[in-house]
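Data first, discussion second: the structure below is written as structure tokens.
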Amino acid sequence: MKRLIARVTLSCPQIGKHGGKLTFVPESLEELLDIGAKMFDFSPTKVLTKEGAEIDDIDLIRDGDHLIIATDWRGKGKQ
């Protein structure tokens, strides 16, 4: 099935980046995490809705969604 081109806003408040950056939705969550890692110089491990629900399938993401990338890591400094 051909995927429609969808765009989402990514932000990373965990490292103080509340302003969003617009990107296309890739084919997988792993690719989206890689995009977020490059955008924010950060190593995210999960994607959340702005309401805090964790996303575990790329097909749940819709055009125009505001997504949060985050990590479970709790140490000091960058991961």
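How many residues, within segment 51-60, are within 15 Å of residue 9 (Cβ to Cβ) and either touching a Leu at 6+ places or on another chain (Cβ under 7 Å) or in contact (Cβ under 8 Å) with a residue 60 or more places away in the chain (or both)?
Residues in segment 51-60 being within 15 Å of residue 9 (Cβ to Cβ) and either touching a Leu at 6+ places or on another chain (Cβ under 7 Å) or in contact (Cβ under 8 Å) with a residue 60 or more places away in the chain (or both): 1 in total.
Give me a count of the residues in segment 9-58 that are surrounded by 15 or more Cβ atoms within 10 Å (Cβ to Cβ) and farther than 12 Å from residue 69 by Cα.
4
Restricting attention to segment 16-34, report how many residues are outside any strand (DSSP E or B) and modelled with pLDDT under 85.
Total satisfying the criteria: 1.
I'm trying to understand the selection: among the residues of segment 11-45, which are hydrophobic (A, V, I, L, M, F, W, C) and touching a Pro at 6+ places or on another chain (Cβ under 9 Å)?
12, 32, 33, 35, 37
The values are calculated or read from the model by the stated rules, or taken from the named source; none is laboratory data. Note that the coordinates shown come from a computational prediction; the quantities given were computed from them, not determined experimentally. Note: ideal-geometry Cβ built from the backbone for every residue, glycine included; neighbour counts use all protein chains shown.
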